[in-house]
Structures are given as structure tokens and as C-alpha cells.
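The values are calculated or read from the model by the stated rules, or taken from the named source; none is laboratory data. Treat the numbers as computed from the prediction; the structure is a model and nothing was measured. Here the Cβ positions follow ideal geometry from the backbone for every residue, glycine too, while neighbour counts run over all protein chains shown.
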Amino acid sequence: MIEQVVSTVNSWIENFGLLSEGWRVGIVVFALVFGTATVAYLASHVIVMLERKFSDTKNLWDDAFLHAARKPVVAFVWLQGVYWAAEVAHHYSQAEIFKANDAVLQVGFIWIFVWTLLRAIKESEKILVSPLKMKKPMDYTTVNAVSKLSRAVVIITAVLIALQSLGYSISGVLAFGGVGGIAVGFAAKDLLANFFGGFIIHLDRPFKVGDWVRSPDRSIEGTVEHIGWRLTTIRTFDKRPIYVPNAAFTTIVVENPSRMTNRRISETIGIRYTDVSHMAPIVSDIRSMLESHEDIDTNQTLIVNFLSFNASSLDIMVYTFTKTTEWVRFHEVKQDVLLKISQIIEGYGAEIAFPTRTLHLPEGLRIEREEGEEADEHSEESSAKASPASRRPVTPRTRYGDEGESGDGE
């Protein structure tokens with residue numbers, strides 16, 4: 001069909017004798033390019049109108065297909081128009097560049113088809129992970145991995161088809177790729193290790209985008225932002241990005257706190273030794289308070305017991321789990337629990353212990369005033385009232401008291 005159109009145009013140029021041949025060729029080429037631009041403009045607007053019309057329907061895939069096909073359709077129109085114009089020019093020109101028209105057309109068709117598929121895969125990915133468009137959106141990490149793999153398959157297949165259409169033998173290319181792959185594998189083993197590490201992450205899914213992860217083996221802790229085929233981007237809590245090669249995740253331990261079912265409250269609270277008589281009721285009331293607390297998960301381990309005789313306190317172990325796993329909410333619940341424990345302890349007249357030290361002096365050591373020291377003070381006060389110039393300092397003296405008396409250590 002294209003050849004018939006081109007031959008018709010060429011016959012019109014040859015038979016129309018009003019202008020010179022060069023002008024007639026120029027006018028036809030201009031008309032073809034202008035017509036191509038007009039058709040491309042109309043095609044784009046028609047697809048936009050269809051997108052607006054189908055956006056009101058419940059079917060999401062027609063919107064995705066139209067959006068994916070809009071730009072490739074415009075490119076297809078331009079490819080056809082430029083090819084016809086080039087064929088007309090080639091009929092009257094011996095330029096070498098026009099000899100590649102057929103090859104450019106074939107490769108252009110392949111490129112437009114691949115471009116359409118890639119855009120359709122991208123739009124499908126957006127739909128499958130969107131909570132606004134899907135009742136049960138799929139996991140972003142899984143969908144992203146399948147999307148990347150699909151795009152890679154489409155691109156590799158397109159490259160092989162393009163090489164075949166250009167006259168290259170695919171079997172020779174594959175054989176060369178097999179031999180060259182061995183050399184590339186040795187030269188880029190780290191790159192391949194990261195690639196397969198990324199593949200394992202997508203396969204095993206120890207974490208996904210948005211998870212909080214950390215590693216006790218490395219200084220890695222933060223929120224996963226992106227999982228690529230070579231690097232994984234983690235944003236630390238001080239907002240710095242960390243780029244971790246995927247191969248590292250195959251050799252280190254990775255914790256995923258985002259998948260915890262509960263958060264733990266583990267505290268040791270000490271009361272004074274003088275409050276030992278209140279230990280049993282205090283422990284009982286703390287346990288009852290935790291069992292009735294609406295934010296404590298009683299289905300998990302709950303321990304409240306007298307733990308040990310410590311150096312300056314009687315220790316109570318409080319071990320329980322909250323229902324929430326949210327970091328901020330957890331600390332609010334923990335604060336409420338600790339305040340209620342302190343109120344229970346104060347309700348019995350007891351006190352929370354703090355580190356103290358008692359000093360015992362040897363027997364027979366006493367610090368006191370000498371007999372007559374009070375008389376000296378009284379006389380000093382009297383003399384001070386009588387004459388300020390007669391004041392004199394009073395020096396306290398220390399003596400050893402009777403046997404059996406000692407200080408109280410305060």
C-alpha cells in the first residue's frame with residue numbers, strides 16, 4: 001500500500017508541468033510532513049478525549065491502555081509520514097541516507113511496539129499497588145520486581161528481533177553472548193553478586209519499601225526507600241540516605257522491626273527496704289492494673305514479681321507487651337503504665353528507692369560541745385550587746401565521749 005501511494009505521488013510530480021521538478025518535490029514533501037503533523041495532533045486529541053470519557057467507567061485497564069498508547073500512536077503517525085516523505089525524496093535523490101528508509105521503518109515499528117508495552121507495564125504497576133484503585137493492593141516490592149523483570153524481557157526480545165530484521169544472525173549473537181558472558185562474569189562478579197542479591201530480596205522479601213530495618217552486624221538502620229537491582233536505598237532516622245549493595249544482604253543478619261506484633265515494656269522498679277511489708281500488695285496491684293489496662297496485650301507474656309534484694313532497693317520486675325507497635329503511641333502507653341505504678345507505690349505510703357549510703361562511726365567517738373561552751377556563747381552575746389568591740393570568736397572543740405556512745409551517721 002505504501003509503495004502504491006508513493007508511486008501515485010511520483011507520477012503526479014512527473015506529469016504536473018506547472019513548476020520545476022525540484023519545486024514539485026519540495027511541495028509534496030512539505031505537504032506530507034504538514035499532513036503528518038495534522039494527523040498526529042488530531043490523533044493525540046482523540047485519545048485524550050477517549051481517556052476523559054473512559055475515566056468515568058469502573059474499568060481501570062482501559063484508562064491504562066489509552067494512556068500508555070497515546071504517545072506511541074503519535075510516534076507511529078510521525079514514523080509513517082516521515083517514511084513517505086523520505087521515499088518521495090529518495091526517488092529524486094541519490095543521497096545514501098535515503099537507502100536506510102526500510103531499515104529505519106522496521107526498527108521504528110519495533111521501537112514503538114516496545115515503547116507501548118513498557119508504558120503499559122508501568123501503568124499496570126501503578127494500578128496494582130494503588131490503594132485508591134484496588135480494594136486489595138498488591139505488595140509494592142513484588143509488583144516492582146515483576147515489572148522490572150517484564151521490562152527486561154521485553155527489551156532483550158526487542159533487541160534480538162531488531163538485530164534479526166537488520167540481517168544479523170541471532171544464533172551468532174547468542175553464541176558470542178555466551179562466550180562474552182563468561183568474560184563479563186569474571187570481570188563484573190561484584191555487579192552480578194549485587195544483581196542476584198537484589199533478585200533474592202525480591203524473592204524472599206525479608207523487607208519491602210517503607211519497612212524499618214536494621215542490622216546488628218553493620219551500622220545500618222532506617223527506612224527502606226528503594227530496592228534496585230544493584231543498590232538498596234535506606235533513609236536513616238537523621239534523614240541521611242545509605243546506599244547498601246544488595247550482595248551485603250546475603251551475608252548479614254537483617255532485623256525488620258516493622259513486622260513486630262507487639263512492643264515490649266521491660267522495667268525493674270525498686271522500693272525501699274523499709275517498705276518490705278508492702279511488697280506483696282504492691283506487686284498484686286501492679287499486676288491487676290496491667291491486666292485491666294486497655295493498651296496491654298494480656299495474651300502475651302505478663303510478669304510482675306519481686307525480683308531481688310538489690311544494694312539499696314527491693315526490685316520488682318515488670319515485663320509486658322503493648323498492643324500497639326507504633327513508636328510514638330508505645331511511649332505514651334509506657335508513660336501511662338509507669339505513672340500508674342508510681343501511684344500504686346505511693347498509695348501504700350512506700351517510696352521508689354534511689355541509691356543511698358549509711359555511714360557507721362566507731363563506738364566511743366562523739367562530737368559534742370565542752371561544758372561551759374554555752375556559757376561562753378551567752379557571755380559573748382552579752383558582751384556583743386554591751387560593746388561591739390568586745391566580740392571574740394568561739395572555737396568548737398572535739399573530745400572523746402564515754403564508751404558506748406556513737407554518732408548516727410547523718
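So here's what we get for this one:
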item: In region 285-308, residue farthest from E346 (Cα to Cα) [restricted to those that are surrounded by 12 or more Cβ atoms within 10 Å (Cβ to Cβ) and out of contact with any strand residue (DSSP E or B) (no Cβ under 8 Å at 6 or more places or on another chain)]; result: T298
item: Test set (1) without any contact (Cβ under 8 Å) to a residue 60 or more places away in the chain; (2) not in a helix (DSSP H, G or I) - I269 fails condition number; result: (1)
item: Filter result for the condition that a residue is modelled with pLDDT under 50 and among the polar types (S, T, N, Q), over S382, S406; result: S406
item: Within region 304-347, tally of residues that are part of a loop (DSSP other than H, G, I, E, B) and within 17 Å of L290 (Cβ to Cβ); result: 2
item: Condition check for I234: touching a helix residue (DSSP H, G or I) at 6+ places or on another chain (Cβ under 6 Å) and part of a strand (DSSP E or B); result: no
item: Failed item in (1) surrounded by 14 or more Cβ atoms within 10 Å (Cβ to Cβ); (2) in the same structural domain as I201 (by TED's automatic domain parsing); (3) not polar (S, T, N, Q), with R240 passing the rest; result: (1)
item: Residue pairs meeting the criteria (Cβ under 8 Å; at least 6 apart or on separate chains; first over 18 Å from A120 (Cβ atoms), in region 137-150; second modelled with pLDDT under 75); result: P137/P131
